[in-house]
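For reference, the structure is listed below as structure tokens.
The values are calculated or read from the model by the stated rules, or taken from the named source; none is laboratory data. Predicted model only: the values in this text are computed from it and were never measured. Neighbour counts run over all protein chains shown; Cβ positions are idealised from the backbone, glycine included. Note: accessible area is taken over every heavy atom of the protein model, side chains too, but ligands, DNA and RNA are not part of it. Shrake-Rupley method; radii C 1.70, N 1.55, O 1.52, S 1.80 Å.
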Amino acid sequence: MNLLYYASWPSNNFLLVFLRSCYRKSIHTQGMEKGAMAEGALASSIVSKVVMNLGSTILDELKLMKSFTGDLGEMRGKLLAIQAVLQDAEDRSTKDKALCLWLKKLKDVAYDIDDLLDDFQTVIGQRQLDPRRQRRNMVCQFFSFSNLSIFRYVMAHRMRSLKERVDMIAAERSKFQLFPDGAVSRSEETKRETFSMIDESKTVGRSDDKEEIMKLVLDDTSEEDVSVIPIVGMGGLGKTTLAQLIFNDTRVNDEVFDPRIWVCVSIDFNLKTIVQPILTTTEDKCDINNLESITSFLTRSFTDNKFLLVLDDIWCENQEEWERLKLVFKSARKGSKIIVTTRNQKVALMMRTVRPFYLQGLSEDDCWELFKRKAFEKGEQEIYPHLMRIGKEIVRKCGGVPLAANSLGSMLRFRRTEESWLAVRDSELWKLEQEDTILPSLKLSYIQMPSHLKQCFAYCSIFPKDYEIGKEKLIQQWIALGFVESMRGGSWPIEDKGKEYFRHLLWMSFLQELEEYGSAKYKMHHLLHDLAQSISRDEIRELASKQATDNFDACRYASLPEYKDISEIPLTILKKNLQSLNLSQCGFLQELPRSFGNLSNLQSLNLSQCRDLKALPESIGSMRRLQTLNISNCSHLSALPESLGSLQDLQNLDLSQYSEVRILPRSIGNLKNLQDLNLSWNVSLETLPETIGSLENLRSLILFHCWSLHALPKSLTNLVKLETLNLVGCKGLTELPKGMSKLTKLKTPQDNR
């Protein structure tokens, strides 16, 4: 009791840090003793973040502690050496359990180093101090003699433990024989062979797609001498099968196209890849190690010929290599065609001469036909009507992907118990240990993904299946959680970089675009959601009610299901290490637990759609690292706590869609880092506080359809960084403050009533 009382005083924050670090260490030890073999593919993101932070101004702040800066510098050096081989480690970890465990240990220690740096910044009160005062003076004033010894003891204890763990992990690296940049393993992992032959009688549901592309293949009216027809779609959708059907159609025989060439490109997109299959059909000579010889041979092969070339499974986005290849086609006969299959929309747009053909999934009936052929022998369907019924439910898991239908059917071919079929129906695909085709095929795309995108993709598993994802909200969460790499001193805004990440996921078919009421929404295919779950495992959790008693020590990002009462929320999830929490499905939740104040590391909180939520707890002010807060569509929310002003890192605040908030707290002016404030459709909002003029970094203020708003504060003219001001539908607003001309960065009309 006395210890807790003593620790509660502000001057003894160091003791609290020490006790918390000891608790975290015990939790970490317990987790390792359980031998959890979690996926290590997310290590590169946190390691990259820690390496960047260790090279930042944090070392300047620690210059009073010279021994600490030496330890931190040494740890950074070892992490940089590990970072160079992380791509190789991640690629190989899918098949090497020892390597997977090594990555998990690396990820754990990186998170603990990140926590150390965060706790240090919290202790020195960096976020509460006046930024205009000199940093050295602040540090000197803070480190009073009475606190210095405790601070050194706590930091030394944690630093020693972390340094020992980093040393051990660095020493273990050598036994795995890892290569820089993952070049060797990536090539081996993603190399797959395809060929042109196909049994058309065993294909289902592609006749219409085939005929649509055949029209382009047989079209001789094109202005292009050589037409490029891209077929685009996610892995397992049947792009290669469709290309095989076209290649073997009698209408494209040797009398129409000569030569006809099939090339499985995979990642090796270069002239040498193209020349090898042609060499097998001719007596002509070519030195495949000499670029001039290759170019000359290919030019001779295509000159004055009307050819059909299939380039199957292209990954490479190298425009220069494609331009080089096009040179050898310059003398080909008009009407020549190239069919390209790719998972990457960017590749298709780079190579096309006609609009890319975006391959869609099969109908449920076609998937069922494929599944039946694999799962049942002839005559068995009548014997097992109960399995037929379950099989149709299993087919829904396939989401129109023929590879999934074939694989699941093959898996169940020799299982005839209802229990085994129900187990497949009720399990996530990534949990099916016997399944060795679907996810590995999709994972090829993940392996090819740049490391900085892997965490962004895996994070999408926090959303439920079929969840409609808002682009801007998702990017804001990525930024808040540190997934979007920002170059210090760079001119490219971090939001634009986040949009580039999003576009890349869209190009790679990891996200699908939906049209709804004229605005774009996005979602993940079920199989890609399963892939994201298989990568993230315990670190990113979309919880189910039955998981309320689970151990959440490894969980950093969580989405909770439709809890209706505060008593249903598993308090074990509300731990300090949590960085993102999504409660958007808890529409009937009326209040939040008091222990919300424990989430001091939370950076993203989504309370949208919590329609019955009546108030935010004052403890929300303890979430000092919170950067994005979404409380849209909380129609019973009547007030915001004054503690909201303590969220010094907050950058995005969304209070849109019919809340009952009439007045914003004056403390909102303390949110010096706030960039986006969305108050649209707040029909009860009557006024904005004068303190809003203190939001010196505000760039977007949305007051769309705030009917009751009758005046804007004069201080609004102080928002010199404001780029967007939306006042559409503000019927009660009769005039604007004088001096609006000072807002020179406005990009939208000031008043469009």
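Scanning region 667-689 for residues that are within 21 Å of L736 (Cα to Cα) and open to solvent by 30 Å² or more (accessible area, probe 1.4 Å) yields D676, N678, W681, V683, S684, E686, T687.
Entry remark, region 263-275: residues being open to solvent by 30 Å² or more (accessible area, probe 1.4 Å) and within 23 Å of T241 (Cβ to Cβ) number 2 in total. For region 239-261, the criterion of being open to solvent by less than 10 Å² (accessible area, probe 1.4 Å) and at pLDDT below 90 is satisfied by no residue at all. Can you name every residue in region 69-98 that is assigned to a helix (DSSP H, G or I), surrounded by 22 or more Cβ atoms within 10 Å (Cβ to Cβ) and of a type in the set (S, T, N, Q)? Within region 69-98, just Q87 meets the criteria. Check region 415-424 and report whether any residue there is open to solvent by 30 Å² or more (accessible area, probe 1.4 Å), part of a helix (DSSP H, G or I) and closer than 17 Å to Q533 by Cβ. Checking region 415-424: not a single residue is open to solvent by 30 Å² or more (accessible area, probe 1.4 Å), part of a helix (DSSP H, G or I) and closer than 17 Å to Q533 by Cβ.
Of the residues that make up region 733-741, is at least one open to solvent by less than 30 Å² (accessible area, probe 1.4 Å) and under 24 Å from L640 (Cα atoms)? Scanning region 733-741 turns up at least one residue that is open to solvent by less than 30 Å² (accessible area, probe 1.4 Å) and under 24 Å from L640 (Cα atoms). In region 702-711, the residue that is farthest from S656 (Cα to Cα) out of those that are open to solvent by less than 20 Å² (accessible area, probe 1.4 Å) and more than 33 Å from the chain's Cα centre (by Cα) is L709. Take the conditions aromatic (F, W, Y), under 21 Å from A520 (Cα atoms) and either out of contact with any Pro (no Cβ under 9 Å at 6 or more places or on another chain) or surrounded by fewer than 20 Cβ atoms within 10 Å (Cβ to Cβ) (or both) and apply them to W478. Does it pass? So W478 passes the test. Candidates in region 299-351 are the residues that are under 22 Å from L218 (Cα atoms) and polar (S, T, N, Q); of these, the one that is surrounded by the most Cβ atoms within 10 Å (Cβ to Cβ) is T341. Applying the criterion of being acidic (D, E) and part of a loop (DSSP other than H, G, I, E, B) to the residues of region 662-701, the residue that is farthest from the chain's Cα centre (by Cα) is E686.
Somewhere in region 705-713, is a residue touching a residue at least 40 places away in the same chain (Cβ under 8 Å) and within 20 Å of S632 (Cα to Cα)? Yes: one or more hits.
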